[in-house]
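See below for the structure under consideration.
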Amino acid sequence: MAKRDYYDVLGVPRDASDADIKKAFRKRAMALHPDQNKDNPDAEAQFKELSEANDILKDAEKRAAYDRFGHAAFEGGSGGGAHGADFASAFSTVFDDLFGDFMGGSRGGRQRSARGSDLRYNLPLSLETAFSGTRQTISVSRSDSCEQCSGTGSRGGSEPATCPTCSGLGQVRTQQGFFTMERTCPTCHGQGRVVSNPCRFCSGSGRQKRERQLNVRVPPGVETGTRIRLAGEGETGVRGGPSGDLYIFIEVERHPIFERDGVNLLCRVPLPMVTAALGGEIEVPTIDGGMSRVRIPAGAQSGKQLRLRNKGMPALRGSGRGDLFLDLNVETPVNLTSRQRELLQSFEEASDENSPEWSGFGRSVKQFWERMRG
């Protein structure tokens, strides 16, 4: 079954502000909560769908990717929050979004592992490289587990101690009349454990920034916006959590000769006036580095297109190649010599209906004047 549009799920327009999205999510989350809809067997699925839509649209980078590529931006990737997760995990995320500010922060720090963040890398390519594909080594800066303390954050391999303020819960409670208020522990910041003897290499964080060299295969036919996912090459997870993913976004640079339209290429070819009038053969370049001989029909006009089949870009998915379209542009001679002027004047005097469009235009103008004079 096809996924619904995330904006429709939240009931907001595509240009909705972050505040509008947050407000719409809170309102629908209250209305769709399964405890409030015990007679609706689809309530849990609808609640998960709402959570997934919110996770994407509240994140500026994910929202930009979704606006451009739709659901395909997250196929096989980290995607949206509740997709593929159990209901308890989805509801925990929703509870944080609804009450996190009121309770003093997220409830997610209670000694549980956290997945590392995804990373983005913009890879510029020439059109020739996009045509042939390539393998490139890129350098990515990311947070890796500290080798000195094995990610514990403690010096000498000692284990972090239980937080004395919250007794390891990550939350502290205060009583105000009939109400019990819960907020993130100010000592351990929700982690439930504190590092009394921090590692001097990572300052107790358990992670260090490192440059990592990665070999990336770019398939033939990529275009601007093509996304390549390297699973597990994002930020290292916290407290043993899984690593995030690295997303490589392709940016194909403008070409001085060819203009791209999907798998097809367009080449603007200036054509000497004599060649356009008499016809002949010219050579044009192709994206694979070769040359093709093209026959120009006599009387060719500016704007005429010639098509060279299978001389375009390869299809990224599937087989075959696009076509190369030659857009002819007849060039008027400049800087004429006296002899050239004489020849052109003689040609004009001897011309009789050699310019049918000009002659037709003249007749239309004459008829227009006659109508105006009544």
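Among the candidates Leu278, Leu271, Leu306, Leu326, the residue that is at pLDDT 90 or above, open to solvent by 100 Å² or more (accessible area, probe 1.4 Å) and not polar (S, T, N, Q) is uniquely Leu278. Among residues of segment 280-294 that are within 16 Å of Met313 (Cβ to Cβ) and free of Cβ contacts under 8 Å to residues at least 40 places away in the same chain, those with a beta-carbon under 7 Å from a residue that is of a type outside the set (Ser, Thr, Tyr) and surrounded by 16 or more Cβ atoms within 10 Å (Cβ to Cβ) at least six positions away or on a different chain give the pairs Thr286/Lys311; Thr286/Leu324; Ser292/Val284; Ser292/Leu308; Ser292/Lys311.
Figure legend. Inter-residue proximity from segment 356-374: first residues closer than 17 Å to Gly299 by Cα, second residues open to solvent by 70 Å² or more (accessible area, probe 1.4 Å) and at pLDDT 85 or above, beta-carbon distance below 9 Å, spacing 6+ or different chains. Indicated pairs: Glu357/Gln301. Which members of segment 34-49 meet the condition of being part of a helix (DSSP H, G or I), open to solvent by less than 70 Å² (accessible area, probe 1.4 Å) and either at pLDDT 80 or above or among the polar types (S, T, N, Q) (or both)? Residues satisfying the conditions are Ala45, Gln46, Phe47, Lys48, Glu49. Of Gly241, Gly225, all but one fail to be at positive phi, open to solvent by less than 30 Å² (accessible area, probe 1.4 Å) and touching a residue at least 40 places away in the same chain (Cβ under 8 Å); the exception is Gly225.
Here is a yes/no grid of residues against (1) over 32 Å from the mean Cα position of the chain (by Cα); (2) at positive phi; (3) part of a loop (DSSP other than H, G, I, E, B):
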position: Arg229; (1), (2), (3): no, no, no
position: Gly232; (1), (2), (3): no, yes, yes
position: Ile250; (1), (2), (3): no, no, no
position: Ala277; (1), (2), (3): yes, no, no
position: Val284; (1), (2), (3): yes, no, no
position: Gly289; (1), (2), (3): no, yes, yes
position: Arg295; (1), (2), (3): yes, no, no
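Every condition in (1) open to solvent by less than 100 Å² (accessible area, probe 1.4 Å); (2) under 55 Å from the mean Cα position of the chain (by Cα) is met by Ser338 except one, and the failing one is (2). Ile287 meets all of the listed conditions (1) farther than 19 Å from His255 by Cα; (2) touching a helix residue (DSSP H, G or I) at 6+ places or on another chain (Cβ under 6 Å) but one, namely (1). When Asn197, Asn264 are checked against the criterion of being over 30 Å from Pro314 (Cβ atoms) and in contact (Cβ under 8 Å) with a residue 24 or more places away in the chain, Asn197 stands alone in meeting it. Here is the figure for segment 157-190: residues that are modelled with pLDDT under 70, open to solvent by less than 60 Å² (accessible area, probe 1.4 Å) and in a loop (DSSP other than H, G, I, E, B) total 1.
What do you reckon, is Arg317 part of a strand (DSSP E or B), open to solvent by 90 Å² or more (accessible area, probe 1.4 Å) and of a type outside the set (Asp, Glu)? Walk me through it before giving the result.
Numbers: part of a strand (DSSP E or B): no; open to solvent by 90 Å² or more (accessible area, probe 1.4 Å): yes; of a type outside the set (Asp, Glu): yes.
Here the answer is no, as Arg317 does not meet what is asked.
Within segment 252-275, restricting attention to residues that are part of a strand (DSSP E or B) and among the basic types (Lys, Arg), which residue is farthest from Asp327 (Cα to Cα)?
Arg260
The values are calculated or read from the model by the stated rules, or taken from the named source; none is laboratory data. The structure displayed is predicted, hence computed values, not measured ones. No Cβ is skipped: glycine too gets one built from the backbone with ideal geometry, and neighbour counts run over all protein chains shown. Just the protein is used for accessible areas: all its heavy atoms, side chains included, with ligands, DNA and RNA removed. Shrake-Rupley method; radii C 1.70, N 1.55, O 1.52, S 1.80 Å.
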